[in-house]
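Some notes on the structure that comes next.
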Amino acid sequence: MPLEPSAADLLTAVQASPRAVAAHDKSAWVDLFTADAEVNDPVGSRPHIGRAAIERFYETFIAPNTIAFRVDRDIVHPPTVVRDLTIETTMATGARVSVPMHLRYQLADEDGDWKITHLAAHWELAPMIVQLLRTGPRGFGAALQLGPQLITHQGVDGALGMLRALGGVGRTGKRVTGRLFAAAGSTDITRVRGLLGHYAVVELPAGTPVSVEEFTNRARNMRWSKLIAAGRTVTASVRIGDARGVALVEFAASSPHIAAVRFFLDHR
C-alpha cells in the first residue's frame, strides 16, 4: 500500500536535491527522480522526460557550475512541495548570476521512498541572460561555452527547445496577474469576475476550488511580490492574512485569458 506522506518526509526528499547539486553527485541527484519523471526547467522550455534525458540535463546545466539554493520558504501540500527561493549560480568562467525562482515538486511513493515525479522551475530566461552578459568578459565567456554544451548534450532540437522559454505570457501575463490580485485585494468582485472569466478555476488553497465570491472575500488585503512569468504561467510570492506562500496563475494555451489560479499557502 502507498504510504501517506508527511511534510517532513516530502521536505527530506526535496532537500536532498540541493545537497546532491552542491556535492556534484550526479548519481545521487538523478536517483531522486522516478524513471519516468519530468524536469521542466525553466517552465516554458521543452521538458526533459525520463532518466536519460534528466542525466543529460544534469551534464548541461549542473555539472559545469557551482549552484547554491537560498530558500526563503517551503510550502508543503502533500504530495507537492513548493519552494520560494533564489538560486545563485557561479559559471566555470567565474561569472555569477542570482535568479529569483519558484520551484514546484510533485512526489510519489516508490517502494517506501519519496521520489520526484515532476519538477517545474519557474524562472525567467531572458533576464538571466542579460544579467550574465552584464558581468562582462566572464559572462560572455560563459555564454559562449553554453552553446556548445547545449548542442553536445541536448542536440540542436534540445537547444531550440530551451529557447522556447523566451516566449510565453511575459509582461502581459504579469500585468493581468497584478490586476487580478489588486482587484481581489480590494474586494472588487466585478473586476475579479471580468479578469477570471466564466471558466477559470480558483483553488484557495491548492486543491480546494472556491467561488469567485469566496476568493474575493478571502483575498481581502492580500499582498504579493516577485512576479515570475515562465511559459504560460505567472507565479508570485503572496501573503493572505497570516498565511504566506506562492500563487500560480495559469493562462490558456493560446490566449491571454486566465485558466486557473492556485494558492500554495503555509500558516507557520
Radius 13 Å from Cβ of Arg218, net charge of other residues (Lys, Arg +1; Asp, Glu -1): -2
Chymotrypsin sites (Phe, Trp or Tyr not before Pro) restricted to DSSP loop in the stretch 185-229 with at most 10 other C-beta within 10 Å: Tyr199
Backbone HN-Hα couplings from phi across the stretch 130-140 [Karplus 6.51/-1.76/1.60, Hz, Gly and Pro as x]: 4, 4, 4, 5, 6, 6, x, x, 5, x, 4
Under 17 Å from Lys115, Cα to Cα: lysines that are on another chain or at least 8 residues apart: Lys26
For the stretch 110-219, average projected area of the Cα convex hull in nm²: 11.6
Net +/- balance of residues flanking Glu203 in space, Cβ distance below 13 Å, scoring K and R +1, D and E -1: 0
Whole-Hz ³J(HN,Hα) from phi, Karplus 6.51 cos²θ - 1.76 cosθ + 1.60, for the stretch 121-127, glycine and proline x: 9, 8, 7, 9, 5, 4, x
Candidate lysines for bridging to Lys226, where Cα separation is under 17 Å - those fewer than 8 sequence places away on the same chain excluded: Lys174
FRET efficiency for Leu160 and Arg191, using Cβ-Cβ distance with R0 set to 35 Å, rounded to 0.05: 0.35
In sequence order, calculated HN-Hα J values of the stretch 73-88 (Karplus, 6.51, -1.76, 1.60; Hz; x Gly/Pro): 7, 10, 10, 10, 10, x, x, 10, 10, 10, 10, 9, 7, 10, 10, 9
Approximate spin-label separation His198-His267, in nm, with each point projected 7 Å along Cα-to-Cβ: 3.6
Cα convex hull volume per residue for the chain (Å³): 127
Net charge of neighbours whose Cβ lies under 11 Å from the Cβ of Gly241, counting Lys and Arg as +1 and Asp and Glu as -1: +4
Solvent-accessible area of Lys226 with every protein chain in place, 1.4 Å probe, in Å² to the nearest 10: 50
Between 0 and 90°, nearest 10: helix 170-185 axis offset from the chain longest Cα axis: 30
Net dipole in debye of the chain [+1 Lys, Arg Cβ; -1 Asp, Glu Cβ; about Cα centre; nearest 20]: 1380
Point-to-point label distance, Leu11-Gln131, nm (Cα→Cβ direction, 7 Å offset): 2.6
Percent of alpha-carbon pairs separated by more than 21 Å within the stretch 39-193: 55
For Ala259, distant residues with modelled amide H under 5 Å away: Glu250, Phe251, Ala252
Per-pair calculated FRET efficiency, R0 = 45 Å: Ala68 and Arg179 via Cβ, rounded to 0.05: 0.85
Between the stretch 132-189 and the stretch 232-268, the Cα center-to-center distance that results, in Å: 18
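The values are calculated or read from the model by the stated rules, or taken from the named source; none is laboratory data. Keep in mind it's a predicted model, so treat the numbers as computed, not measured. A quick note on method: Cβ atoms are made from the backbone with ideal geometry, for glycine too, and the neighbour counts reach across all protein chains shown. With ligands, DNA and RNA removed, areas are computed over all heavy atoms of the protein, side chains included. Shrake-Rupley method; radii C 1.70, N 1.55, O 1.52, S 1.80 Å.
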